[in-house]
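All remarks here apply to the structure that follows.
The values are calculated or read from the model by the stated rules, or taken from the named source; none is laboratory data. Keep in mind it's a predicted model, so treat the numbers as computed, not measured. Cβ placement follows ideal geometry from the backbone for every residue including glycine, while neighbour counts extend to all protein chains displayed.
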Amino acid sequence: MQRRRLNQSFWARLGLVLVLAVGACRGQRSESSPVHVQQNMDFQKRHDAQEEDGFFKDGRAMRPQVPHTIARGQLRESRSFYKGLRGRKKTKRIPVRVTSELLERGRERFETFCVPCHGHSGNGKGIMVTRRITTPPVSYLEPRLQHEPIGHYFQVITKGMRKMPSFGSQILAGDRWAIIAYVRALQIAGGARVPLAEAREKGWVKP
């Protein structure tokens with residue numbers, strides 16, 4: 001009997017708490033000012049994007065890049081690495097050391113960005129093609145593409161070609177070269193998935 005009374009008392013108190021909680025959430029706006037615990041965060045002296053500022057002659061708060069300067073980490077002095085060019089011609093060599101780690105990164109990026117259209121072997125028969133969502137791309141295994149300079153692939157990934165969009169803003173330059181290294185390995189292997197141990201044995205990558 002005593003346990004039953006305790007249970008009833010518990011549920012009665014719980015019900016009262018729920019009623020008070022629901023009553024406190026009526027959705028009405030408070031007339032009181034909000035409490036600002038961090039004054040310097042709520043009332044900091046700053047400008048929003050595209051906001052005007054009379055301090056500068058051009059009236060803009062957002063300042064343009066200082067002429068003849070380069071942001072940290074944005075010095076792209078290697079045309080071969082960042083453009084796939086050697087002089088004005090497409091480079092014929094991958095400008096990074098081809099290792100098993102690079103191939104593995106290339107495989108992962110290839111399967112993320114390229115496989116839906118180009119397929120796992122690079123033959124142009126990905127799921128987007130088999131389901132007729134897009135027209136078939138060219139096969140990487142064609143002799144013509146196997147003889148293209150390596151910089152050709154870099155520029156296609158960067159700028160796009162025909163129905164293939166540009167991936168320059170989505171794939172970092174280093175990852176583009178990793179993908180290209182893996183594509184070249186697929187071409188050498190005739191479209192078979194490339195075991196890294198076999199690639200090392202055949203001298204495609206450096207140990």
Residue satisfying all of: in the stretch 121-142; farther than 15 Å from Met164 by Cβ and in contact with a Leu (Cβ under 9 Å, 6 or more places away or on another chain); surrounded by the fewest Cβ atoms within 10 Å (Cβ to Cβ) among these: Leu141
Candidate set: the stretch 107-120, residues that are farther than 25 Å from Lys92 by Cβ and of a type outside the set (A, V, I, L, M, F, W, C); chosen: the one surrounded by the most Cβ atoms within 10 Å (Cβ to Cβ): Gly119
Number of the exception - Arg72 against (1) surrounded by 14 or more Cβ atoms within 10 Å (Cβ to Cβ); (2) assigned to a loop (DSSP other than H, G, I, E, B); (3) within 24 Å of the chain's Cα centre (by Cα); (4) at pLDDT below 80: (1)
Conditions (1) under 23 Å from the mean Cα position of the chain (by Cα); (2) of a type in the set (Asp, Glu); (3) more than 20 Å from Arg76 (Cβ to Cβ): number failed by Glu148: (1)
Members of the stretch 119-138 that are within 16 Å of Ala189 (Cα to Cα) and either in contact with a strand residue (DSSP E or B) (Cβ under 6 Å, 6 or more places away or on another chain) or not small (Gly, Ala, Ser) (or both): His120, Asn123
Selection count, the stretch 135-167, where residues are part of a helix (DSSP H, G or I) and touching a Pro at 6+ places or on another chain (Cβ under 7 Å): 0
